[in-house]
Amino acid sequence: MWIILFAIIIAICAVWLFFIVIKKIPEIRNLDIASMQADKQGRARTKILEAKLSRSGKKIRARLVKATGPAFNLIGNRIRRLKNTMIAWEEKYRQKPAKEKTAPQTLDELFAGIDGLLDQGDLAGAEKKAIEVIARNNKNLRAYEILGDIYFLGENWGQAEEIYKYLIKLLLLGDKKKTRTADLIKSQKLEDLETSFLGVIEVDPKIAIYYYRLGEVFEATQRSDRALDSFLKSATIEPNNPKYLDKIIELAIQVGDSGLAKKTCRHLKKINPENSKLEEYSKVLEKM
């Protein structure tokens, strides 16, 4: 009984649903057609817009190419040239042999360079090279001589004085300098060394030159007494050198030591009677 009743209810519901669907079919058909027509019209409008944009884009692109074409061509050419130049440089660098390390200059080469710089009047450059020599050998007499002359020419009187004194010490010490450092030699008083060696033993004649140059430094700085003392020491080592005797006479006259001036003048006349300054000295000494 209940099964039959349930079947009847299902049949009634099915019929009711069928009538509802039949009633809505025209509306569904109209809705699909309208949707399709709207969609078709939308696609048509889209295609028209796309075509317009495409034509506009082509025109704009053509104008841009026309306007900027020369500039881009110029930039492109420059980039290509730069690229080619860099490639050429790279090839040249690859083919260039590695630079060999230059050997340090020998002492002879350094001295030749010093002479060249002095000929050019480059005192600073010559000084630098002389110091380089001394850095290798702090007892190289030639380097110190050059350095002293450079300071003298540059009127660096204090440094010139120290250099010439150091040279005198080196020669007074003789072989003993080999066992003494440069600082120890500089710290020794010149007067003490003179007392021990000068006039006691035979010394290197070059010391006379250094005393003469030291005397010139004292003379240039208005220290006449010390200059005269240095020239006398030069004459002690080389008593017949007219250059040293001339300086002794001039300084003796300057400080008022007429006895020393006359004595030296007589000696000069004996060893060098043709000296052109003898007559002048005699006139001055007659008045003293």
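Laboratory data are not the source of any read-out in this text; all were calculated from the coordinates shown. Computed from a prediction, not measured in an experiment: that's the story for all the values here. FYI the Cβ positions are ideal-geometry reconstructions off the backbone, even for glycines, and counts take in every protein chain you see.
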Note, the stretch 133-148: 3J(HN,Hα) by Karplus (6.51, -1.76, 1.60, θ = phi - 60°), whole Hz, Gly/Pro = x, goes 5, 5, 4, 7, 9, 6, 10, 7, 4, 4, 5, 5, 4, 4, 5, x
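Could you calculate the contour length gain from K128 to A112, that is, 0.36 nm times the residue separation minus the distance between their Cα atoms, to one decimal place in nm? Provide the component values of the computation, followed by the final result.
On the way: separation 16, 0.36 × 16 = 5.76 nm, distance 1.34 nm.
Additional length available on full extension: 4.4 nm.
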Taking Lys and Arg as +1 and Asp and Glu as -1, residues besides D122 with C-beta under 15 Å from its C-beta add up to -3
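Can you give the FRET efficiency for A103 and E155, using 1/(1 + (r/R0)^6), R0 = 35 Å, r = Cβ-Cβ distance, to the nearest 0.05? Don't skip to the answer; put the middle values down first.
Working: r = 37 Å, r/R0 = 1.05.
Given R0 = 35 Å and the Cβ-Cβ separation, E is 0.45.
Which entries in the list K206/K270; K262/K283; K165/K206; K233/K270 go over 18 Å, if you measure between the two C-alpha atoms of each? Display every interim value, and only then the final one.
Numbers: K206/K270 24 Å; K262/K283 11 Å; K165/K206 13 Å; K233/K270 20 Å.
Flagged as over cut-off: K206/K270; K233/K270.
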For the stretch 237-243, in residue order, the Karplus 3J(HN,Hα) values (coefficients 6.51, -1.76, 1.60; θ = phi - 60°; whole Hz; Gly and Pro = x) are 7, 10, x, 10, 8, x, 5
The alpha-carbon pair-distance distribution computed for the stretch 198-288, with 10 angstrom bins and whole-percent values, is 18, 48, 31, 4
From the Cα centre of the stretch 109-176 to that of the stretch 234-262, the distance in Å is 27
